[in-house]
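The structure under discussion appears below in the form of structure tokens.
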Amino acid sequence: MKRTMMSLAAAAMIALPAVANAINVKVTMTVDNSYALFYGTGTQATNFVGADYNWQAVETYNFDLPADRYLYVVTASDLSVAQGFLGQFENLDSGYKFYSNDPQWQVMATGLGNTGAPYSGSVADLALLSQEIQDANGGGNVSQGWTGLTAGPGNGSDPWGSQAGIDAAARWVWYSANGDTDPTSPGFNHGEWLVFRIAVASTPTEPVPLPGTVALLGAGLAGVGLLRRRPAA
């Protein structure tokens, strides 16, 4: 019995690092016209999360993923009027928020057209997305690998208006295939379908602290002040 308990304890100790390395992330997003959300490793899409075809509806997702995982957003537009990806991302463990226009995001253009993108968790769709990820890793697609996105107007701008649940600081973004400084309009085929990705453990270049984090920081500084004012014994 004692040996069994020791074995269980050892197993628990081995499992602890995996739990500790998990990151809680909250994602609030929309895409004009549609998207499918996946996560996986740096070389493979392993899990399908969901898809949406209505840019006027903002969706929220919560993840508890290992730090070495990536989020993948497959996108396609109707090549008419406008196209864009708008999002807000909160690391609930570190206590910061960042947006779709953060340069930590990467994008790649498959050049396969704006139809036929992987929008399900089928074996075929996971295999297709994984192949495109590997092609991008090797620089072998239309965008010659993963590249930086191009930011357009902020949340609240025409033709979309304000998207509830996403801060005004967030900007609509897309891949620019023709050097356009604002590839979100007019409608244009920028090498679709596209894939945006970001590492779960990414740190934003200009983090926006979550309200609770600011309050805790303030309380901590106040405590430091009290300690400094305490008279010597």
Scope region 137-154; condition in contact (Cβ under 8 Å) with a residue 40 or more places away in the chain, touching a Lys or Arg at 6+ places or on another chain (Cβ under 9 Å) and within 18 Å of Tyr99 (Cβ to Cβ); matching residues: Ala151, Gly152
Region 196-211 residues that are on the phi < 0 side of the Ramachandran plot and assigned to a strand (DSSP E or B), paired with ones that are at pLDDT below 90 and surrounded by 19 or more Cβ atoms within 10 Å (Cβ to Cβ) (beta carbon under 8 Å, 6 or more apart): Val208/Phe98
Please work out which residue is surrounded by the most Cβ atoms within 10 Å (Cβ to Cβ), limiting yourself to region 51-85 and to residues that are of a type in the set (Phe, Trp, Tyr) and under 14 Å from the mean Cα position of the chain (by Cα). Phe85
Pair list, Cβ under 7 Å, 6 or more apart: region 173-194 residue under 20 Å from Gly140 (Cα atoms), other residue part of a loop (DSSP other than H, G, I, E, B) and among the aromatic types (Phe, Trp, Tyr): His190/Tyr175; Gly191/Tyr175; Leu194/Tyr175
Could you please let me know if Asn101 is in contact with a helix residue (DSSP H, G or I) (Cβ under 7 Å, 6 or more places away or on another chain), crowded, with 16+ Cβ neighbours inside 10 Å, closer than 21 Å to Phe188 by Cβ and not aliphatic (A, V, I, L, M)? no
Any idea which of Ala124, Ala117, Ala164 is loosely packed, with under 14 Cβ neighbours inside 10 Å, part of a loop (DSSP other than H, G, I, E, B) and hydrophobic (A, V, I, L, M, F, W, C)? Ala164
Restricting attention to region 167-201, the residues that are surrounded by 15 or more Cβ atoms within 10 Å (Cβ to Cβ), of a type in the set (Gly, Ala, Ser) and under 17 Å from the mean Cα position of the chain (by Cα) number exactly 3
For Asp32, are the conditions met, namely being charged (D, E, K, R), over 18 Å from Ser122 (Cα atoms) and modelled with pLDDT of 95 or more? yes
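The values are calculated or read from the model by the stated rules, or taken from the named source; none is laboratory data. Nothing here was measured: the structure is a model prediction, and the numbers come from that model. Cβ sites come from the backbone with ideal geometry, for glycine too, and all protein chains shown count toward neighbours.
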